[in-house]
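The values are calculated or read from the model by the stated rules, or taken from the named source; none is laboratory data. All figures in this text were calculated on a predicted structure; none of them were measured in a lab. Backbone-built Cβ (ideal geometry, glycine too); neighbour counts: all protein chains shown. In case anyone asks, the SASA skips ligands and DNA or RNA and just uses the protein heavy atoms, side chains included. Shrake-Rupley method; radii C 1.70, N 1.55, O 1.52, S 1.80 Å.
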Amino acid sequence: MTLTEETTTQSLRQIGALVRDARRHHGLTQQQLGERLGTSQSAIARIEQGNQNLTLELLGRLSAALDSELITVGRSGPTHLRVSGGTPLSGSVTVKSSKNAAVALLCAALLNRGRTTLRNVSRIVEVDRILDVLTSIGVSATWDATGRDLTLVVPEQLDLSAIDADAARRTRSIIMFLGPLLHRAEDFRLPYAGGCDLGTRTVEPHMIALRPFGLEVEAHAGEYRATVAPPVARDRTIVLTERGDTVTENALLAAARHDGTTTIRNASPNYMVQDLCLYLELLGVRIEGFGTTTLVVTGKPVLDADVDYPLSEDPVEAMSLLTAGIVTSSELTVRRAPIEFLEIELAILAEMGLQFDLSPEYPADNGRTRLVDITLHPSQLRAPIDKVHPMPFPGLNIDNLPFFAVIAATATGSTLIHDWVYDNRAIHLSDLTRLGADVRLLDPHRVLVEGPTRWSAAEIVCPPALRPAVCILLAMLAAKGDSVLRNVDIIARGYEQLYERLVEMGARIEVFHD
């Protein structure tokens, strides 16, 4: 395939995703949209899968049929939001599947000689970037007609020389290719990992996890150069120096095809790691210690199975939606929330005075994750006595910490937020001062929040970090008047149709472009 053909294919796939999302937002089936356009359901399915050539005339008809600014001809430049705040939300919203689990399982599919079907995959930029990398090296990736289920087939030989370096450099998740690829090549290269601007993060913990499998990595001119030697020991114990999620996942990916037993100590038992374990078990890998910090993995040199796996719900998105309801003093129900990964957050919120009800627990589609529906009630919040800080699971989720800055701004009293993990994410939270919050940066890791806040509208450029960007958007929902949040494309990295779903609950958000 030529470069022009690859670019056209990628553009058709992106347009197809936009068509699908806009159709769903309007509550239309493929058949109904086909009737509006005077075409068939199968034609709509081909468009949404990126398998249909599109004329300018057809693009115009799609735009009209969907009444959507998402599909226009000739528009370029960043996306901005105009938020008319100060209005409570209402109704209910359902949590989407996990972004981080999706990324891990896309990388894990490289281990499988059989067919991998992932159910209920969120259509977000981070997933698209990993898919761009996978398809560039020869992996077949096919969405079903609904655009929710993804089937992956990995060829016998991967063409690593053709890797989409641009997509790879725009996601830190590319580092999770190391674990699967060390089983497939004696030497290979990967572009440097990228992602959010959260400060320097070393990859040394990954090397500590993967060296026992024979992997050595050197950094040269913007890429990782990896060589693989046969591992010496059949059975080994790996002690992770950092209980990181991606580090644990990389160790699991390496151990899955190792012919022997690998004991991983100080492992993360977080939600995306649990999804990965459940998927690997379907492939025939035996894993003891599920949900604990010690995993004993009995691998198989060949993994060849046709498997279907439904992704679990995303606790960070659940926390985002809960925060939207809290800061707007709303009566709101967040459905299908993975309670096991929100218990600490809810305990802190209860201490702060939040009133909420939990439904009886019920299982997720994977049969293991525990879900509840959480109904919020408008509450007068007070600052917690202790500082709010993250810890590895089962502590407060590192990605959920920024939301407590917004929540603390609505509470009476002083709250200390300690973000010890990232070098400069706390700095981005100081942008809340533009909306009237009293957020004082004590150092690159700590902010002191004084509340309650009388929110006011403002125009802000989105910070280059996903969760702080969402925090500012949620604060704008609470601020009376019209706010503008510019350059919001980073939010699409981790959220699917967030603006549309907030609008369905009563938020007033307009998407516009310069």
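Among the residues of the range 285-292, is there at least one that is within 23 Å of the chain's Cα centre (by Cα) and crowded, with 22+ Cβ neighbours inside 10 Å? The answer is no; no qualifying residue exists. With the requirement that a residue be more than 24 Å from the chain's Cα centre (by Cα) and assigned to a helix (DSSP H, G or I), what does the range 238-281 give you? Correct list: 255 only.
Output the residue which, of all residues in the range 337-369 that are touching a residue at least 60 places away in the same chain (Cβ under 8 Å) and open to solvent by 60 Å² or more (accessible area, probe 1.4 Å), is farthest from residue 83 (Cα to Cα). The extreme case among them is 368. Do we have any residue at all in the range 163-182 that's open to solvent by 30 Å² or more (accessible area, probe 1.4 Å), in a helix (DSSP H, G or I) and out of contact with any Gly (no Cβ under 9 Å at 6 or more places or on another chain)? The answer is yes; a qualifying residue exists. Every test in (1) part of a helix (DSSP H, G or I); (2) at positive phi; (3) of a type outside the set (Val, Ile, Thr) is passed by residue 413 save one, and that test is (1). Among the residues of this structure, residue 333 counts as one that is hydroxyl-bearing (Ser, Thr, Tyr), under 30 Å from residue 456 (Cβ atoms) and either open to solvent by 10 Å² or more (accessible area, probe 1.4 Å) or out of contact with any Leu (no Cβ under 8 Å at 6 or more places or on another chain) (or both).
Does residue 442 satisfy the condition of being surrounded by 15 or more Cβ atoms within 10 Å (Cβ to Cβ) and either without any contact (Cβ under 8 Å) to a residue 24 or more places away in the chain or farther than 27 Å from residue 127 by Cα (or both)? So residue 442 does not fit the description; no.
If the condition is being outside any strand (DSSP E or B), more than 25 Å from residue 101 (Cβ to Cβ) and of a type in the set (S, T, N, Q), then the range 459-514 contributes only 487.
If you filter the range 231-251 down to residues that are open to solvent by 80 Å² or more (accessible area, probe 1.4 Å) and charged (D, E, K, R), you find that the one that is modelled with the highest pLDDT is 235.
Taken residue by residue, the range 376-386 has no member that is surrounded by 15 or more Cβ atoms within 10 Å (Cβ to Cβ), within 26 Å of the chain's Cα centre (by Cα) and either closer than 30 Å to residue 278 by Cα or small (Gly, Ala, Ser) (or both). Out of all the residues in the range 139-157, is one or more buried (at least 21 other Cβ atoms within 10 Å of the Cβ), among the basic types (Lys, Arg) and assigned to a loop (DSSP other than H, G, I, E, B)? Scanning the range 139-157, I find no residue that is buried (at least 21 other Cβ atoms within 10 Å of the Cβ), among the basic types (Lys, Arg) and assigned to a loop (DSSP other than H, G, I, E, B), so the answer is no. Residues in the range 417-424 include none that are open to solvent by 10 Å² or more (accessible area, probe 1.4 Å), assigned to a helix (DSSP H, G or I) and free of Cβ contacts under 8 Å to residues at least 40 places away in the same chain. Summed over the range 285-304, the residues that are closer than 26 Å to residue 338 by Cβ and either out of contact with any strand residue (DSSP E or B) (no Cβ under 6 Å at 6 or more places or on another chain) or touching a residue at least 60 places away in the same chain (Cβ under 8 Å) (or both) give a count of 5. Against the condition of a type in the set (A, V, I, L, M), in a strand (DSSP E or B) and touching a residue at least 40 places away in the same chain (Cβ under 8 Å), how does residue 447 come out, does it pass? Yes: the conditions hold for residue 447.
Among the residues of the range 303-317, none qualifies, meaning not one is open to solvent by 70 Å² or more (accessible area, probe 1.4 Å) and under 28 Å from residue 90 (Cα atoms).
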